[in-house]
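Below you'll find the structure, written out as structure tokens, and then a few comments.
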Amino acid sequence: MTPSAPATTAPGAASLRRPAGVRLAWLLAGVVALLLATVASLAFGTRPVTIEEVLAALAGDTSSIGTAAVASRVPRTLLALLVGAALALSGTALQAVTRNPLADPGILGLSTGASLAVVTGIAFFGLSDPVATVVVAVLGSAAAGVFVYAIGSLGPGGASPLKLALAGAATTAALGSLVSAVLLPRVEVMTTFRFWQIGGVGGATWDRILLVAPALALGALVVLATARGMNSLALGDDVAAGLGERVARTRLVAAAGAFVLCGAATAIAGPIGFVGLVVPHLCRLLVGTDHRWLLPATAIVGAGLLVAADVVGRLVARPEEVEVGIITALIGAPVFIALARRRKVREL
Amino acid sequence: MTTAPTAERLQVARRRRVRRRGTRIAALFALLVALFATSLMVGNTLYGPDEVLRVLFGGQVPGASFTVGELRLPRACLAVLAGAAFGIAGSTFQTMLRNPLASPDIIGITWGASAAAVVSIVVLGLGQDAVSLAALAGALLTALAVYLLAYRRGFSGARLVLIGIGVAAMLQSVVAWVLSRASEWDLPAAMQWLAGSLNGASWERVGPLALAVLAIGPLVLALGRDLGTLRLGDDAAAALGVRVPAVRLVLILGAVTLLAAATAAAGPVAFVAFMAGPIATRLVGPSGSPLLPAALVGALLVLGGDLLGQFAFDSRYPVGVVTGALGAPFLIYLLARSTRHGGLT
């Protein structure tokens with residue numbers, strides 16, 4: 001184990017082993033919280049509705065104004081669930097692959113890479129086909145991820161977590177200003193695609209959700225299938241190789257899954273940061289570091305967190321809405337700061 | 001008798017270096033004056049140098065008096081003053097923390113000023129002078145917060161940069177939040193606070209900034225030599241006669257004030273504070289104070305970026321978009337360079 005090993009692999013990992021009963025209890029608690037957040041997301045909005053109306057609407061009744069309002073909130077809630085789960089899974093996979101506690105699709109530049117690819121496609125190449133948009137977004141996030149990893153592994157010491165985080169943050173800043181440069185003079189693009197700068201789930205429709213759902217499912221399956229490999233990676237490359245793990249292949253597959261998840265999520269909701277950072281750390285405290293438990297837990301908690309953040313964003317500025325990307329940054333950035341503070345510099 | 005020729009040679013080399021630095025600074029200054037004059041002449045209507053000069057000396061020229069005197073002159077002055085302020089502030093931080101990434105726009109201080117300015121305009125409805133003061137308070141608080149958060153049993157530049165990036169992300173969210181609440185705001189106005197723009201230039205805006213730059217700029221510039229010595233490390237600087245804590249405090253306060261005044265007037269013009277210092281060092285050479293060249297390069301960047309953004313494309317770009325597009329590759333280049341040499345931490 002190298003001195004730069006993140007918390008997941010530290011000797012403390014043993015103390016984070018949870019008995020199966022505890023894990024199951026936390027998992028169930030996560031599901032309950034997720035359900036509560038979902039109900040809140042359906043019930044709260046510009047127009048207040050009663051619990052009966054929510055239930056009636058879910059049963060398919062859209063005759064009254066209240067139930068129609070609830071029905072109109074369903075796609076948005078579903079999108080928040082999917083995007084939250086995707087970003088959390090992507091973040092967990094990235095943290096395992098780079099063995100970096102600061103990894104997150106937002107911080108490593110994946111979201112902004114996807115954003116820039118799509119915005120460039122729309123502005124300069126007449127990109128309008130929805131399927132092509134998702135593909136472009138995935139390619140953009142993969143390109144950004146590979147680029148950040150390449151920059152971060154230059155020089156002595158290889159891809160240390162500190163260098164990766166800095167390379168990612170700088171690349172995010174750089175790509176973000178390029179997104180602004182493409183978007184701002186095009187008022188018509190800007191007003192429809194504001195969410196390319198600050199992620200939000202307000203523009204959800206059934207068509208768009210159905211479009212990205214296969215990509216999200218594919219990415220989630222790939223990431224979940226490498227759970228065992230991620231456990232080996234956490235032991236360090238040498239030990240993992242000694243245990244028969246094909247380290248490079250596992251890394252590549254898991255990273256590809258993370259790129260697909262992040263790219264597809266960004267294609268439909270714009271760049272949303274810090275979900276993929278906060279959720280894995282929280283879940284490690286709850287269910288331990290075994291990725292076979294950790295990955296499902298992060299999906300559940302990530303979905304719940306993003307739905308809850310969206311509800312908060314709708315409530316704090318009524319009747320205006322605050323994009324969910326703003327809320328997650330306000331929640332997540334302090335966690336990022338705390339993590340950057342906690343580790344000694346040498347370990348960073 | 002080998003020492004005397006060596007000393008002589010060193011002296012000659014040093015003199016040549018100083019002279020070369022002098023000529024390059026003079027060239028930068030000449031370029032700035034030329035660009036300033038161009039920005040006064042060029043626009044929808046082209047005015048000749050004679051007309052511009054007549055307006056500058058208070059003469060009444062039909063049309064030109066308003067266009068040049070009330071539109072182009074404040075805009076150009078704002079560009080030069082804000083650029084110089086960003087350049088000085090950025091270079092001060094980068095030199096003091098010995099890390100090109102530790103510029104105030106990357107570690108969040110600029111965003112502190114911007115967030116305070118936006119809140120005081122949109123939520124509190126204050127005027128320009130009060131906005132400048134609020135921006136100053138926001139920038140100082142952010143600088144203090146980043147410093148305190150990064151200080152933990154010692155001090156590390158890399159940790160400071162990472163924490164600053166987190167703080168910057170939060171403050172950017174605050175700016176975006178407040179702007180999204182102010183629905184009656186049009187895009188150009190919002191733009192100013194997201195990337196920086198000179199579109200709102202007026203004498204009223206130039207006033208507080210000019211005051212800050214003229215009062216504090218010379219003070220910080222005068223400490224430039226001590227700043228160069230601080231690069232050698234605190235102990236070495238103290239041994240060379242620099243009163244380290246006092247000099248550092250004055251430099252930080254001065255840089256933050258300049259930054260806040262410039263941000264309150266022009267918004268957080270993207271990457272100017274970050275780019276000016278490293279570019280100036282490459283142009284002028286690493287010896288001597290980095291601040292004066294950085295001020296000139298900063299002013300050139302904002303003025304040139306604004307001219308480019310206004311006239312080089314078919315649609316008008318705010319200056320922050322131009323400097324952002326220029327700064328992004330430069331940021332990646334610097335990052336690749338410093339990671340390759342292991343100089344990041």
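The values are calculated or read from the model by the stated rules, or taken from the named source; none is laboratory data. In this text the structure is predicted, and so the values were computed from the model without any measurement. Here Cβ is always computed from backbone atoms with ideal geometry, including for glycine, and neighbour counts include all displayed protein chains.
Within the group B:T281, B:T263, which residue is of a type in the set (S, T, Y) and under 12 Å from the mean Cα position of the chain (by Cα)?
Only one candidate passes the filter, namely B:T263.
Looking at B:A270, B:A295, which is the one that is crowded, with 24+ Cβ neighbours inside 10 Å and modelled with pLDDT of 90 or more?
It is B:A295.
Just wondering, is there one or more residues in segment A:94-107 that are in contact with a Gly (Cβ under 8 Å, 6 or more places away or on another chain) and over 23 Å from A:L224 (Cα atoms)?
no
Give me the residue from segment A:223-232 that is surrounded by 24 or more Cβ atoms within 10 Å (Cβ to Cβ) and aliphatic (A, V, I, L, M) and, out of that set, farthest from A:G302 (Cα to Cα).
My answer is A:M230.
Could you tell me whether any residue of segment B:126-142 is more than 21 Å from A:G325 (Cα to Cα) and assigned to a loop (DSSP other than H, G, I, E, B)?
yes
Each row is one residue, and each column tells you yes or no for (1) within 14 Å of chain A (Cβ to nearest Cβ); (2) at pLDDT below 90; (3) out of contact with any Ser or Thr (no Cβ under 6 Å at 6 or more places or on another chain).
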residue	(1), (2), (3)
B:G63	no, yes, yes
B:L71	no, yes, yes
B:G83	no, no, yes
B:R152	yes, yes, yes
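Quick check on my filter: what residues within segment A:48-66 are closer than 19 Å to A:V311 by Cβ, out of contact with any Leu (no Cβ under 6 Å at 6 or more places or on another chain) and surrounded by 14 or more Cβ atoms within 10 Å (Cβ to Cβ)?
If the condition is that a residue be closer than 19 Å to A:V311 by Cβ, out of contact with any Leu (no Cβ under 6 Å at 6 or more places or on another chain) and surrounded by 14 or more Cβ atoms within 10 Å (Cβ to Cβ), then A:V49, A:E53, A:L55, A:A57, A:L58, A:G66 are the ones that fit.
Can you report the number of residues in segment B:273-325 which are of a type in the set (S, T, N, Q), within 14 Å of another protein chain (Cβ to nearest Cβ) and touching a Gly at 6+ places or on another chain (Cβ under 6 Å)?
1
Among the residues of segment A:103-134 satisfying the criterion of being free of Cβ contacts under 8 Å to residues at least 60 places away in the same chain and within 21 Å of A:T171 (Cα to Cα), which is nearest to the chain's Cα centre (by Cα)?
A:A117
What do you reckon, is B:L171 within 13 Å of chain A (Cβ to nearest Cβ), aliphatic (A, V, I, L, M), over 27 Å from A:S180 (Cβ atoms) and in a helix (DSSP H, G or I)?
In short, no.
Considering only segment A:91-208, give the helices (runs of 4 or more DSSP H) lying wholly within it that have at least 1 residues that are modelled with pLDDT under 80.
A:130-152, A:161-183, A:187-192
Among the listed residues B:L292, B:L214, B:L249, B:L258, identify the single one that is in a helix (DSSP H, G or I), within 15 Å of B:I88 (Cβ to Cβ) and without any contact (Cβ under 8 Å) to a residue 60 or more places away in the chain.
Step by step, each of B:L292, B:L214, B:L249, B:L258 is checked, and only B:L214 is in a helix (DSSP H, G or I), within 15 Å of B:I88 (Cβ to Cβ) and without any contact (Cβ under 8 Å) to a residue 60 or more places away in the chain.
Consider segment B:270-289. How many of its residues are touching a residue at least 60 places away in the same chain (Cβ under 8 Å) and either assigned to a loop (DSSP other than H, G, I, E, B) or of a type in the set (G, A, S) (or both)?
Residues meeting the conditions: 10.
In segment B:228-258, which residues are within 18 Å of B:N99 (Cα to Cα) and at pLDDT 85 or above?
Once the filter is applied, which keeps residues that are within 18 Å of B:N99 (Cα to Cα) and at pLDDT 85 or above, segment B:228-258 yields B:R248, B:L251, B:I252, B:A255, B:V256.
Would you confirm, using the coordinates I've provided, whether B:T67 is surrounded by 12 or more Cβ atoms within 10 Å (Cβ to Cβ), within 29 Å of the chain's Cα centre (by Cα) and not hydrophobic (A, V, I, L, M, F, W, C)?
Yes: the conditions hold for B:T67.
Looking at this structure, is A:P319 more than 14 Å from chain B (Cβ to nearest Cβ), out of contact with any helix residue (DSSP H, G or I) (no Cβ under 6 Å at 6 or more places or on another chain) and in contact (Cβ under 8 Å) with a residue 24 or more places away in the chain?
The answer is no for A:P319.
Take residues that are free of Cβ contacts under 8 Å to residues at least 12 places away in the same chain and of a type outside the set (G, A, S) and tell me which of the helices (runs of 4 or more DSSP H) falling wholly in segment B:1-106 contain 3 or more.
Qualifying helices (runs of 4 or more DSSP H): B:3-41, B:49-56.
Run A:L78 past the list (1) assigned to a helix (DSSP H, G or I); (2) closer than 26 Å to A:A217 by Cα; (3) without any contact (Cβ under 8 Å) to a residue 24 or more places away in the chain; (4) not β-branched (V, I, T) and report the number of the one that doesn't hold.
Condition (3) is where A:L78 drops out.
Taking the conditions exactly as written (closer than 21 Å to B:A265 by Cβ and touching a helix residue (DSSP H, G or I) at 6+ places or on another chain (Cβ under 8 Å)), does B:V68 satisfy them or not?
Yes, satisfied.
From the list A:I331, A:I300, A:I272, A:I327, which residue is within 18 Å of the chain's Cα centre (by Cα) and free of Cβ contacts under 8 Å to residues at least 40 places away in the same chain?
Of the residues listed, the single one that is within 18 Å of the chain's Cα centre (by Cα) and free of Cβ contacts under 8 Å to residues at least 40 places away in the same chain is A:I327.
May I ask you to list the residues in segment B:311-325 that are in a helix (DSSP H, G or I) and surrounded by fewer than 21 Cβ atoms within 10 Å (Cβ to Cβ)?
Selection gives B:F311 alone.
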